[in-house]
Amino acid sequence: MPASPSGPTQLAEAMRSVRFAFVGALVLGAAVNVLMLTGPLFMLQVYDRVLASRSVPTLVVLFGLTVGLFAFMGLFDLLRQRVMSRVGHALEHKLGNPTFQIWILQGLSTTGASARPLADLATVRGVMSSPGFVALFDLPFVPLFVGVVFLLHLDLGLLTLAGIAVAVVLAIIGEVATRNAFGQAAVAEIKASRFAEQSLRHAESILAMGMLGRVRDHWGATAGAGGAVAQTGTERTEAIGAFSKAWRLLMQSAILGLGAYLAIHQEITPGMIIAASIIAGRALAPIDQVVGQWRMLVKARAAYRRLGEHLGRSDTAEPKLQLPAPQGQISVRGLRKLAPDGGARGQPRVILDGITFDLKPGDGLGVIGPSTAGKSTLARLLVGVWEPDSGSVRLDGAPYDQWDRDVIGRHIGYLPQQVDLLPGTIAQNIARFDPQASNADVVEAAKLAGVHRLVLGLPEGYATRIGYGPSPLSGGQTQRIALARAVYGTPALVVLDEPNANLDAEGDAALRDAILALRKRGTTVVVIAHRPSAIAAVDTILMLNTGRQADFGPKSEVLSRVARVVEA
């Protein structure tokens with residue numbers, strides 16, 4: 001598949017689209033922080049003016065003004081929180097589809113999903129409206145509060161500045177002390193989560209074979225290793241956060257003490273003592289919040305970085321020239337595929353080598369050979385989910401990278417060895433979740449696959465929901481419905497990998513009839529087979545052996561040659 005424009009560009013574009021929201025949050029933050037001075041100024045006026053003049057009307061007016069200012073502060077703070085939560089929602093909306101695509105494309109890797117981009121996106125969204133992240137918007141206004149304290153008295157300002165310097169040092173120490181711990185914990189968390197997901201999928205086997213205790217212990221060891229590292233980082237964060245909070249409270253008391261000393265010497269008024277303490281505490285508060293929320297901020301920063309990396313490696317649907325609908329002409333030339341794991345001792349392990357053949361619309365090809373011959377690999381290459389390392393697979397003369405993936409996918413039917421239906425109704429699964437699919441097309445595909453009566457026999461028919469608890473379908477029924485999905489819309493090419501692995505005699509007959517009907521309609525059908533019944537409806541055989549093309553030709557001739565070799 002073609003390389004995409006860089007993922008960081010996608011992420012940068014999404015961030016640019018919400019930049020005005022960030023500016024708005026900063027402006028609202030400025031209003032909130034200025035209004036934070038309401039309390040200290042009210043105290044200053046009460047101590048220095050109201051108490052001195054004993055004027056009740058002045059107190060009433062000041063209090064009424066204070067109520068109004070605090071009301072506006074609450075409103076602006078609410079608006080800031082609302083803006084930031086909507087920023088998170090907007091980012092998730094803009095990046096959700098490409099991130100989900102990355103998640104799905106990871107399934108093409110032989111090692112499976114190695115990351116959790118959807119979880120990273122959720123983490124980034126969640127942090128946007130968190131107190132720790134909002135506190136970052138308050139940091140630029142710390143100099144405002146420090147400046148006000150300096151206006152009250154130089155010594156008070158210097159003491160406040162020293163307190164802030166210590167708080168900043170604590171934040172830096174927290175970053176250095178927890179960076180590696182939280183990074184290692186994130187990797188372990190992904191491994192444990194992936195193992196848990198796979199264990200859930202194989203719950204029946206685990207319980208039936210008495211593996212639950214050992215699987216549980218293995219998961220516990222994996223999760224515990226990550227938890228231990230995370231706990232180390234958490235304890236360091238907690239220690240620094242506790243010290244930071246204690247330091248902030250100590251600084252407020254120190255400001256009070258210094259203010260009292262200055263007031264005794266009549267350098268400031270009593271009201272300034274209280275005002276200086278409150279304002280200095282407000283100057284230290286954002287730093288204290290950031291330190292307290294450090295683990296979450298570090299986790300979000302790592303998630304944001306990984307999200308950019310995921311998008312940078314992702315494929316994208318670049319605009320492609322719209323090619324005519326394919327007819328099913330397959331041309332394979334010098335096909336070679338290496339194992340993604342690189343093989344032993346760094347030597348590439350060849351899965352397929354030198355495969356060459358042609359198929360025309362309506363042909364039926366059976367691919368046979370022993371296990372590890374490369375049959376399933378060939379199936380993946382024929383439908384375009386894997387790319388060849390050399391050679392080519394062309395559909396109607398065009399390699400797959402010249403087709404739009406979603407467009408060409410409508411003309412391809414694929415039944416893999418591991419059959420899984422998606423959570424939804426049977427009708428949705430057969431229709432490949434196409435919202436425009438007609439009932440007639442769904443029923444036609446079911447009839448073609450021989451499962452129409454089977455579906456009607458279910459309690460809710462085509463509306464039967466699967467994937468939301470115990471499946472109402474057996475393995476063979478699941479495979480037959482997946483066959484209906486593969487033949488939906490009468491594709492130009494249908495590739496079936498071990499399509500009768502779970503089928504009984506009735507299912508075998510339905511499979512044979514479906515292949516014949518497809519070929520009659522001009523569909524090219526490729527069947528990967530172990531059981532002879534799977535190739536009953538094909539006319540051509542490709543035999544693979546250790547990844548090489550051992551034979552190719554009409555079915556009767558190839559099978560005759562194979563029989564002679566076996567007899568010899």
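Looking at Glu238, Glu267, can you tell me which residue is modelled with pLDDT under 85 and either surrounded by fewer than 18 Cβ atoms within 10 Å (Cβ to Cβ) or not in a helix (DSSP H, G or I) (or both)?
The match here is Glu238.
For segment 139-178, how many residues are in contact with a Phe, Trp or Tyr (Cβ under 8 Å, 6 or more places away or on another chain) and over 20 Å from Pro40 (Cβ atoms)?
Residues flagged as in contact with a Phe, Trp or Tyr (Cβ under 8 Å, 6 or more places away or on another chain) and over 20 Å from Pro40 (Cβ atoms) within segment 139-178 amount to 6.
For segment 547-561, what are the residues that are farther than 14 Å from Gly366 by Cα and surrounded by fewer than 17 Cβ atoms within 10 Å (Cβ to Cβ)?
Once the filter is applied, which keeps residues that are farther than 14 Å from Gly366 by Cα and surrounded by fewer than 17 Cβ atoms within 10 Å (Cβ to Cβ), segment 547-561 yields Arg548, Ser560, Arg561.
For residues in segment 1-52 being small (Gly, Ala, Ser), under 30 Å from Glu387 (Cβ atoms) and crowded, with 16+ Cβ neighbours inside 10 Å, which is modelled with the highest pLDDT?
Looking at the filtered set, the residue picked out is Ala14.
Which one of Ser253, Ser331, Ser277 is modelled with pLDDT of 80 or more and touching a Phe, Trp or Tyr at 6+ places or on another chain (Cβ under 9 Å)?
Selected residue: Ser331, the only one of Ser253, Ser331, Ser277 that is modelled with pLDDT of 80 or more and touching a Phe, Trp or Tyr at 6+ places or on another chain (Cβ under 9 Å).
Select from segment 133-152 the residues that are crowded, with 19+ Cβ neighbours inside 10 Å and not β-branched (Val, Ile, Thr) and list them in ascending order.
Within segment 133-152, the first condition is being crowded, with 19+ Cβ neighbours inside 10 Å, and the residues that meet it are 133-135, 137-138, 141-142, 145-146, 148-149, 152.
Matches in segment 133-152: Phe133, Ala135, Phe137, Asp138, Phe141, Phe145, Leu152.
What is the one condition in (1) under 41 Å from the mean Cα position of the chain (by Cα); (2) outside any helix (DSSP H, G or I) that Arg480 does not satisfy?
The failed condition is (2).
Does Ile408 satisfy being farther than 17 Å from Ala534 by Cβ and in contact with a Ser or Thr (Cβ under 8 Å, 6 or more places away or on another chain)? Reasoning before the result, please.
Numbers: farther than 17 Å from Ala534 by Cβ: yes; in contact with a Ser or Thr (Cβ under 8 Å, 6 or more places away or on another chain): no.
Here the answer is no, as Ile408 does not meet what is asked.
Going by the conditions given, is Leu544 over 22 Å from Ala445 (Cα atoms), buried (at least 16 other Cβ atoms within 10 Å of the Cβ) and either touching a helix residue (DSSP H, G or I) at 6+ places or on another chain (Cβ under 9 Å) or of a type in the set (Lys, Arg) (or both)?
For Leu544, the condition - over 22 Å from Ala445 (Cα atoms), buried (at least 16 other Cβ atoms within 10 Å of the Cβ) and either touching a helix residue (DSSP H, G or I) at 6+ places or on another chain (Cβ under 9 Å) or of a type in the set (Lys, Arg) (or both) - is met.
Name the strands (runs of 3 or more DSSP E) wholly inside segment 361-429 in which the number of residues that are of a type in the set (A, V, I, L, M, F, W, C) is 3 or more.
The qualifying strands (runs of 3 or more DSSP E) are 364-368.
Would you call His89 out of contact with any strand residue (DSSP E or B) (no Cβ under 8 Å at 6 or more places or on another chain) and in the same structural domain as Pro270 (by TED's automatic domain parsing)?
The answer is no for His89.
The values are calculated or read from the model by the stated rules, or taken from the named source; none is laboratory data. Here the structure is a predicted model, which means the values were calculated and not measured. Positions of Cβ are generated from backbone atoms using ideal geometry, with glycine treated the same way; all protein chains shown enter the neighbour counts.
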